[in-house]
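Here is the structure we will look at, set down as structure tokens.
The values are calculated or read from the model by the stated rules, or taken from the named source; none is laboratory data. These numbers come from a predicted model, not from an experiment. Here the Cβ is made from the backbone with ideal geometry for all residues, glycine too, and neighbour counts use every protein chain on show.
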Protein chains: 2
Amino acid sequence: MPLKIRKSNAAMGHGAEPWNAFLVGHRSMDLKREAVIKTAAHLFLEHGYQKTSMSLLAARLKITKPALYYYFRNKEEILMECYRSGIAEIESCLNRLSPDAGNGFARLQLYVLEYATVVLTHEFGRCVAMIDDSALSSKTRRGVRDLKRKIDASFRALVAEGMADGSMAICNPKLVSFAIAGAINWAGIWYKPSGELSPEQIAEAFMEILTGGLRSAANRAS
Amino acid sequence: MPLKIRKSNAAMGHGAEPWNAFLVGHRSMDLKREAVIKTAAHLFLEHGYQKTSMSLLAARLKITKPALYYYFRNKEEILMECYRSGIAEIESCLNRLSPDAGNGFARLQLYVLEYATVVLTHEFGRCVAMIDDSALSSKTRRGVRDLKRKIDASFRALVAEGMADGSMAICNPKLVSFAIAGAINWAGIWYKPSGELSPEQIAEAFMEILTGGLRSAANRAS
DNA sequence: ATCATATTCTACCGCGCGGTCAAATTAGTA
DNA sequence: TACTAATTTGACCGCGCGGTAGAATATGAT
């Protein structure tokens, strides 16, 4: 009778190694799918999407490649799920500050702060900013871009709002949105957790640098 | 007697199709190397580095793959040359405005304008901003990063200068440099020449957005 | 124990990649 | 013309990739 790997006590919960979800038998498909995309996100962020092979991903999960294909149709479905989670997280940030946090300018500042924090610290948020979607099939890519566009639209709406209530100088919302998102996304690329600057420090500095030029004269006088 | 492709009248000069450099015989190695990296840059920008195969590059030049290896050791040497040209162009911008174009803040503004223009319009400048160097061997990548670091250092020096002469508010030069370069590099990614905004429009808007928050109070009063 | 189902495995496929080789072709020279 | 050196080529290699087929195994219900 062969040895049997026994179920680990720490197999469930957030702190566990992801591959514990695969240790023995029956746990729900959802748990295993989550374990896969979580591990995949880390690998994608470390080596890039193209250079992360399905075999490596499987190895990290202590399973074999075909098992992956039992849970996902193909490689790009896995990346798509990473995007979906990350974009959902960013959207929830945006909705959270919606109610009433001051004028448009103040809310833009808050959003910059939150967006930067997500992109620097959230494992799936980082995927949205960092991972190039050009490797995807055109159909899947269109789906991703649609989701991204929603974020961009909210961003522009915030800028337009600030201009309408007089708290921001007049400007091109599209370009403002691109400039801010670009600076932050790029930070997602060079930022390494081992560096000397914390995500909070970076987020605060970026907020000041990127929104400092947008305050209206009236808003500045106050 | 087989047909012989005759030398085109337009085979030389800047406006010609790059592959004309290969049409017949003897032209200098340098011309052909230039034709290769120029064509490669366009393909890298269009499809990405990883997805541009040496076979495709050769096909675009109307030669065969092994001929490519007569002029370059390997694929990454070609990308390296693209980087080198782009970085040289950016450095020349920086040197050009060095002498005396006003205080630190004014010169930073000029530099932002020029950097954005190069990254949006110059074929090799775009490579520097857009093409991920993580596909390179670690040795080559170190070379590229050294070159990039020089640009970053100049950038930070400009910021430090502005702080020293009182034209800019106090800030972290490293983060300012990253924020500005990031926003512009990211523009290199989304910008398509077919879009409705011209590089000049983008460059000017970015200059205002990205430097607006850096002006010192004293500088603002004037 | 038995069976049906859910899950995971071993073994494999076709493909296109970066890169190489030795042969063929061309150009320059005399 | 004939010789040499520079250039280009067709044919090929090994590899690792994404993905698959079908057998093997584990699980849960009876």
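Taking segment B:97-120 as the range and being closer than 19 Å to B:Glu200 by Cα and either of a type in the set (D, E, K, R) or without any contact (Cβ under 8 Å) to a residue 12 or more places away in the chain (or both) as the test, the residues that pass are B:Arg107, B:Glu114. In segment B:62-78, the residues that are over 25 Å from B:Arg141 (Cβ atoms) and without any contact (Cβ under 8 Å) to a residue 24 or more places away in the chain reach residues that are within 8 Å of DNA strand C (Cβ to nearest atom) and in a helix (DSSP H, G or I) with C-beta atoms within less than 9 angstrom, at least six apart or across chains, in these pairs: B:Thr64/B:Ser55. Just so you know, in segment B:204-215 the residues that are farther than 13 Å from B:Ala106 by Cα and surrounded by fewer than 22 Cβ atoms within 10 Å (Cβ to Cβ) include one that is nearest to the other protein chains (Cβ to nearest Cβ), and it is B:Gly213. B:Leu175 satisfies every condition listed in (1) within 10 Å of chain A (Cβ to nearest Cβ); (2) in contact (Cβ under 8 Å) with a residue 40 or more places away in the chain except (2).
What helices (runs of 4 or more DSSP H) completely inside segment B:9-88 contain at least 3 residues that are at pLDDT 95 or above and near DNA strand C (Cβ under 9 Å from one of its atoms)? Give the derivation first.
Details: elements: B:29-47, B:54-60, B:65-71.
Helices (runs of 4 or more DSSP H) meeting the threshold: B:54-60, B:65-71.
Within segment B:137-150, how many residues turn out to be closer than 17 Å to B:Ile87 by Cα and either in contact with an Asp or Glu (Cβ under 8 Å, 6 or more places away or on another chain) or not charged (D, E, K, R) (or both)?
Taking segment B:137-150 first, the residues closer than 17 Å to B:Ile87 by Cα are B:140-150.
Then drop every residue that is not either in contact with an Asp or Glu (Cβ under 8 Å, 6 or more places away or on another chain) or not charged (D, E, K, R) (or both), which leaves B:140-141, B:143-145, B:147, B:150.
The total comes to 7.
For segment A:89-101, the candidate set comprises residues that are touching a helix residue (DSSP H, G or I) at 6+ places or on another chain (Cβ under 7 Å) and not in a helix (DSSP H, G or I); within that set, the residue that is nearest to DNA strand D (Cβ to nearest atom) is A:Leu97.
Yes/no matrix, rows are residues, columns are (1) closer than 27 Å to B:Ser216 by Cα; (2) assigned to a helix (DSSP H, G or I); (3) more than 11 Å from every other protein chain (Cβ to nearest Cβ); (4) of a type in the set (Lys, Arg):
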| site | (1), (2), (3), (4) |
| --- | --- |
| B:Val128 | no, yes, yes, no |
| B:Leu147 | no, yes, yes, no |
| B:Cys171 | yes, no, no, no |
| B:Ala181 | yes, yes, no, no |
